[in-house]
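Colleague: I am attaching a structure below and will ask some questions about it afterwards.
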Amino acid sequence: LGRAVGAGSSSSSALPAKFSWHPFSFHSNFRRVMHSLPVDMMLLQAALEDHGETNYYLDRQTGEVHLHFEDNDDDDFEAKLEAEPDRYLLIESLESIDDFRTMEAFVAGLPDSEAQRDLARVLRRARPFHNFREALRDWPEVRQQWFEEHNRRLEAAARDWLAVHDIEAIPRRQQ
């Protein structure tokens, strides 16, 4: 899946307060056949956010999310990937620009305040991700709002990622 699906404007200007963009948004005029799987949504969301050396795969049969470290010699999983390549979907992490746009949209949606101006300022500086996290420490209420918004958008991106692959997450059984 290329990044063109649901891609927004390439403009880096602040986004409107009610902007509900996320990277896997899509619209369809036809009915899709969805396959229901018990997916660990928290692990899928972690996979979408991970920009490290870990590869994540979704098992299309079980809904399990597998972690595979690039420098790890996991011959069993490598053999599974080779034997049944269509069974496992590589979960690519969201692009940094997607995360940045989420921060921009959040800041644009804040009421005109010192917190809003401070956060908008740190997004224009070098190292915006680090500076944004640091600046949020000065604004505990806004920090809480950020985590709520970030989690909501990440969950929506995970559900959209699944939908692009014709999968609907269903609750996992307690073990």
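The values are calculated or read from the model by the stated rules, or taken from the named source; none is laboratory data. Just so you know, these numbers come straight off a predicted model, no measurement behind them. With ideal geometry, Cβ positions are generated from the backbone for all residues, glycine too; neighbour counts draw on all protein chains shown. Just the protein is used for accessible areas: all its heavy atoms, side chains included, with ligands, DNA and RNA removed. Shrake-Rupley method; radii C 1.70, N 1.55, O 1.52, S 1.80 Å.
Colleague: May I ask you to list the residues in the stretch 105-120 that are open to solvent by less than 20 Å² (accessible area, probe 1.4 Å) and either in contact with a Gly (Cβ under 6 Å, 6 or more places away or on another chain) or over 17 Å from residue 153 (Cα atoms) (or both)?
Modeller: Hits for the stretch 105-120 are 115, 119.
Colleague: Among the residues of the stretch 69-99, count how many are aliphatic (A, V, I, L, M) and part of a helix (DSSP H, G or I).
Modeller: From the stretch 69-99, those aliphatic (A, V, I, L, M) are 79, 81, 83, 89-91, 94, 97; that's our starting set.
So of that shortlist, the ones also part of a helix (DSSP H, G or I) come out as 79, 81, 83, 97.
The qualifying residues number 4.
Colleague: Given the options 44, 58, name the one that is at pLDDT 95 or above, among the aliphatic types (A, V, I, L, M) and not in a helix (DSSP H, G or I).
Modeller: 58
Colleague: Considering only the stretch 121-133, state which residues are part of a helix (DSSP H, G or I) and open to solvent by 80 Å² or more (accessible area, probe 1.4 Å).
Modeller: 121, 133
Colleague: Step by step: first the residues of the stretch 82-99, then only those that are open to solvent by 30 Å² or more (accessible area, probe 1.4 Å) and among the aliphatic types (A, V, I, L, M), then the one that is nearest to residue 151 (Cα to Cα). Which residue is that?
Modeller: The qualifying residue nearest to residue 151 (Cα to Cα) is 97.
Colleague: Using beta carbons and a limit of 9 Å, which pairs, at least six apart or on different chains, have the first residue in the stretch 143-157 and within 19 Å of residue 111 (Cβ to Cβ) and the second one among the acidic types (Asp, Glu)?
Modeller: Taking only residues 6 or more apart or on different chains, the pairs are 150/99.
Colleague: Moving on. Which residue, of 136, 154, is modelled with pLDDT under 95 and touching a helix residue (DSSP H, G or I) at 6+ places or on another chain (Cβ under 6 Å)?
Modeller: Of the residues listed, the single one that is modelled with pLDDT under 95 and touching a helix residue (DSSP H, G or I) at 6+ places or on another chain (Cβ under 6 Å) is 154.
Colleague: Quick one: residue 102 ticks every box in (1) open to solvent by 30 Å² or more (accessible area, probe 1.4 Å); (2) closer than 24 Å to residue 52 by Cα; (3) not in a loop (DSSP other than H, G, I, E, B) bar one, so which box is it?
Modeller: (1)
Colleague: Another question, then. Scan the stretch 106-117 and give yes if some residue there is of a type in the set (D, E, K, R), farther than 27 Å from residue 59 by Cβ and assigned to a loop (DSSP other than H, G, I, E, B), otherwise no.
Modeller: yes
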